[in-house]
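Data block below; observations after.
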Amino acid sequence: MHSPRPRVRRPYPSPSITSARQYLDHVLEAKGIELPDLPPTCVITYCGGLLEQAIERGPRISFDIGVTVPTEIHLVDPEGEAPYAIVAGRPGAPMAAVLLEELIALGFERFLAFGTAGYPASGGGEIPFGQIVVPDRSYVYEGTSWHYEVDRDFVRTDWGLRARIMSLLRDAEIAYVEGPAATTDALYRETPEFIRDLLSRGVRAVEMELSALLSVSRFHDRPLAAALCISDVIDVAGEWRVGMTSDQIQAVESLMLPVMASAAAPEDG
């Protein structure tokens, strides 16, 4: 028997009393931060190595909009490449949504996300550690998206940005698959029933932020696409294989940084 699929909930229709813009105005004034000119694209990474490599590649300006925890935004301007921003993603759907709200309020126009994900497996076959997945959508198994007027149980990634990522992966001869992802709130409640449900939907990757990021980007009409690296396998037979070492993930990050940086460049540039 499959686990119950998430149900679309009725959102609260009124405008929010709280706003990222009001929060940012308060923080920027309190910290005396004068915003520099911002590039149009911000990369949100859940892999620390990608962030470290990016800020080492060229001149950067950094500023922190965090209060209770640091939220450093780095404006990177590599030689010979278009400038872009990069920031460490906040884990879990609620805080991922908070961060994206703030990035949108700052003025960024489009977004790319990169992180690791689990692979729902049905037993047998090759273990796809390090496989890059470019999601066309993410199924909503988290509680944040319903606050953003989501009208179905999945949210699509931006087609144009997704196509650009895939084109750059092909140019770099990096193998990838395209297909659905799923976003859960509960890392340690991935039951056999849950994995069977994901397999019945053709899900290629399961993680904890993407559908919330997509719901916020859709709500504010800001394009967002993602690439994910398979770091573990969750088999419906009851086995969890945590396969990638930090060195292996760092090697994937080194391959993916030029792809994400190029995808961040304006299409006419």
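The values are calculated or read from the model by the stated rules, or taken from the named source; none is laboratory data. Here the structure is a predicted model, which is why all the values come from computation and not from measurement. All Cβ positions, glycine included, derive from the backbone under ideal geometry; neighbour counts span all protein chains shown.
There is no residue in segment 214-221 that is in contact with a Ser or Thr (Cβ under 7 Å, 6 or more places away or on another chain), surrounded by fewer than 18 Cβ atoms within 10 Å (Cβ to Cβ) and not hydroxyl-bearing (Ser, Thr, Tyr). Tallying residues that are of a type in the set (A, V, I, L, M, F, W, C) and either surrounded by fewer than 21 Cβ atoms within 10 Å (Cβ to Cβ) or under 15 Å from Pro39 (Cα atoms) (or both) within segment 96-109 yields 6. The residues of segment 70-125 that are in contact with a Pro (Cβ under 6 Å, 6 or more places away or on another chain) and acidic (Asp, Glu), listed by number, are Asp77, Glu109. Among the residues examined, Arg218 qualifies as touching a residue at least 40 places away in the same chain (Cβ under 8 Å), charged (D, E, K, R), assigned to a helix (DSSP H, G or I) and closer than 14 Å to Arg137 by Cα. Against the test of being farther than 28 Å from Ala251 by Cβ and either more than 15 Å from the chain's Cα centre (by Cα) or part of a strand (DSSP E or B) (or both), the options Ala186, Ala212, Ala225 yield a single qualifying residue, Ala186. Checking Leu75, Leu161, Leu112, Leu168 one by one, the residue that is of a type in the set (A, V, I, L, M), at pLDDT 95 or above, out of contact with any Ser or Thr (no Cβ under 6 Å at 6 or more places or on another chain) and in a helix (DSSP H, G or I) is Leu161 and no other. Being within 29 Å of Arg57 (Cα to Cα), assigned to a loop (DSSP other than H, G, I, E, B) and over 14 Å from the mean Cα position of the chain (by Cα) is a property that Ile174 has.
Within segment 247-254, one or more residues are out of contact with any helix residue (DSSP H, G or I) (no Cβ under 6 Å at 6 or more places or on another chain) and within 17 Å of Ile165 (Cα to Cα).
From the list Ala93, Ala85, the lone residue that is in contact with a helix residue (DSSP H, G or I) (Cβ under 6 Å, 6 or more places away or on another chain), small (Gly, Ala, Ser) and buried (at least 16 other Cβ atoms within 10 Å of the Cβ) is Ala93. Kindly establish whether Asp232 is assigned to a helix (DSSP H, G or I), over 13 Å from the mean Cα position of the chain (by Cα) and either more than 16 Å from Phe114 (Cβ to Cβ) or at pLDDT below 95 (or both). It is false that Asp232 is assigned to a helix (DSSP H, G or I), over 13 Å from the mean Cα position of the chain (by Cα) and either more than 16 Å from Phe114 (Cβ to Cβ) or at pLDDT below 95 (or both). Can you tell me which residues in segment 117-143 are in contact with a helix residue (DSSP H, G or I) (Cβ under 9 Å, 6 or more places away or on another chain), at negative phi and at pLDDT below 95? Scanning segment 117-143 gives Ala121, Ser122, Phe129, Gly143.
Name the residue that is nearest to Glu142 (Cα to Cα), counting only residues in segment 34-61 that are of a type in the set (S, T, N, Q) and at pLDDT 95 or above. The qualifying residue nearest to Glu142 (Cα to Cα) is Thr45. Within segment 140-192, if we keep just the residues that are of a type in the set (Lys, Arg) and surrounded by fewer than 13 Cβ atoms within 10 Å (Cβ to Cβ), the residue that is farthest from Val242 (Cα to Cα) turns out to be Arg152.
Cβ-Cβ contacts under 9 Å between residues 6 or more apart (or on different chains), taken from a first residue in segment 239-254 that is over 12 Å from Thr116 (Cα atoms) to a second residue that is in a helix (DSSP H, G or I), are listed as Ser254/Gly49; Ser254/Leu50; Ser254/Gln53.
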